[in-house]
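Nothing in this text is a laboratory measurement; each read-out follows from the coordinates by a stated rule. Quick caveat: nothing in here was measured; it's all calculated off a predicted structure. Because the Cβ atoms are built from the backbone with ideal geometry, glycine has one as well, and the counts that use them run over all protein chains shown.
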Amino acid sequence: MAGLSSPGIGSGLDVSGIVTQLMTLEKRPIAGLNTREAGFQAKLTAYGSLKGVLSSVQSTAKALTLATTFTSRTAAVSDATVLAASAETTAAVGSYSIAVTQLAKFHAVRSDTNYAATTDTFNTGTLAIKVGAGDTVNVTIDSNNNTLAGIRQAINDAGAGVTASIVNDGGTNRLLLTSKTLGAAGAITVTATDSGSGGTHALSGLDSSVLVATQTADDAEFSVNGFEVTRSSNTIGDVVEGLTLNLTKVGTSNVTISVNTGATTAAINGFVKAYNDTVKQLQSASAYNAATKVASVLTGDSTARSISTQMRTLAQSTVLGVGGGIATLSSIGIALQKDGTLLVDSTKLAAALADPAKDVAALFSATTVGNQGIAVRFNNAMEGIIGSTGLIASRTEGIAASIKDISNRREAITLRLTKIEARYRAQFTALDGLIAGMNKTSEFLTQQLANLPVNSSN
């Protein structure tokens, strides 16, 4: 049986250690590739973050291309307990005095007969229920439902346009019918016909002729700047164009419609913030520290420089022919700073938005070819930067290709190193065997020499 062996035992050479050190030298190219790959991965991450802030620039710019950003209206009421109001962009700026004299109500009627329990019985027959000018719904009352509770359920199941309920006033039970249609158009009519007998109560006790109104079928009545108006609902959107009123109480309240400059200001500030976030991201990713001589991940990157240049150029662009003599962002209080960011002068911006002569909307949203508004230009430019075929996509595709190439090269080197290591081990194992053989020969010769007779002379 062959004996156990280990490289180096016969010769005393540290074969494994020698091979390991040699392979460490051989693997240096892989370390270099790993370093390059890490750099490329860092660039991909940087471009991913940059794309995120640029997307915000595009979305906020797109909001400034919409007419509704500059034409929205706000409606303020002097007495919110009387009514609430909301205004669309079509509402004319101005004030309205709304005097509410009557709210629209749901018609409600109750039975006038004392019913001791919900199990009280009625003669069989039919209840013909009609709401306003609608169709009559016949509710059949037979031996299966001729109790007070049964009649309530039968009415509700019939879909007659009313809600039936039983109300106990502490001494007796009443059947209450409430219209589902607001105002005079929801007036309830009940025609009761007894066609059978055997009940404790006659169905005729539920006829409109004997039912008691608990709430009248009233339309809403109000005036707008003295103009009398009647509507069947308490929510009115067809009296003043673009204005919706929700009446809640009898009384008077003034409604003032004005341009919603707050929404426009918020949209502009949102755009400026997104722009500044992008500038700071670009500066951070491409900065170079002269003191430490340390470069950032995108230092010297041509794509990053191109984006920075485009951003600054767009922020300083001019739109010709805008009403009120405004042509640039700085003319409405948005100035470009030395560090590349934008700064909003809130007072100057508010004054520009409040001046009807200054067409701030056109400054941002004009669509004339060759003379587009600033927001339109930004939106288009961002598409060319972050779009599927834009600058960043092209750059990251190139980086991804470089990473793939590194991976292929690393794989090839790894395969070659496996063969090199095998060759080293074979060579040193052979050397180990050779030295071991020589050592054995040396030991044998030494023993033989030691056994030779020694000549002695007297």
Under 15 Å from the Cβ of Ala354, count the other residues' Cβ atoms, weight Lys and Arg +1, Asp and Glu -1, and hand me the total. 0
For Arg312, Arg425, order by how many other beta-carbon atoms lie within 10 Å, fewest first: Arg312, Arg425
Taking Arg395, Arg409 and counting other beta carbon atoms within 10 angstrom, the fewest-first order is Arg409, Arg395
Arranged from highest to lowest average of other beta-carbon atoms within 10 Å per residue, in what order do the peptides 237-247, 338-348 appear? 237-247, 338-348
Peptides 272-283, 165-176, 108-119: what's the order by average Cβ count within 10 Å, highest mean first? 272-283, 108-119, 165-176
Where does the charge balance sit around Val53 when Lys and Arg score +1, Asp and Glu -1, over other residues with C-beta under 12 Å from its C-beta? +2
Region 106-215: relative contact order from alpha carbon pairs under 8 Å, six or more residues apart, as a whole percent, is 42
Candidates for volume of the Cα convex hull per residue in Å³ are (i) 150; (ii) 415; (iii) 138, and the calculated one carries label (ii)
With the 8 Å Cα cutoff and a minimum separation of six or more residues, region 268-421 has a relative contact order in percent of 16
Expressed as a rounded percentage, what relative contact order does the chain have, with Cα pairs under 8 Å and six or more residues apart? 22
Taking the Cα centre of the chain as origin, sum charge times position over the Cβ atoms of Lys and Arg (+1) and Asp and Glu (-1), and report the length of that vector in debye to the nearest 20. 2680
